[in-house]
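Have a look at the structure below before the remarks.
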Amino acid sequence: EKNQLVAVVEAMKMETQITSAIDGKIDAVFSKEGDRIEAGELLLRLE
């Protein structure tokens, strides 16, 4: 569902909640818990 929590990203002991911008299902996940990610990096894809 749109606005549903899909991920939580932690940086410098702060957590940022990532919500879905559209209705859909998660089609692919491109990182796993504990991975370091860069700004702009794709985390997941919705179908």
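Each value in this text was obtained by applying a stated rule to the coordinates, not by laboratory testing. Keep in mind that what you see is a predicted model, and the values were worked out from it rather than measured. Positions of Cβ are generated from backbone atoms using ideal geometry, with glycine treated the same way; all protein chains shown enter the neighbour counts.
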* Asked: Could you say whether any residue in the range 36-45 is over 10 Å from the mean Cα position of the chain (by Cα), surrounded by 12 or more Cβ atoms within 10 Å (Cβ to Cβ) and either in a strand (DSSP E or B) or among the β-branched types (Val, Ile, Thr) (or both)?
  -> yes
* To do: Could you grab me the full set of residues in the range 1-25 that are surrounded by 10 or more Cβ atoms within 10 Å (Cβ to Cβ), more than 10 Å from the chain's Cα centre (by Cα) and outside any loop (DSSP other than H, G, I, E, B)?
  => GLU10, ALA11
* Structure fact -> Quick count over the range 17-40, residues being in contact (Cβ under 8 Å) with a residue 24 or more places away in the chain and not β-branched (Val, Ile, Thr), is 1
* From LYS13, LYS25, LYS32, residue being on the phi > 0 side of the Ramachandran plot and among the charged types (D, E, K, R) -> LYS13
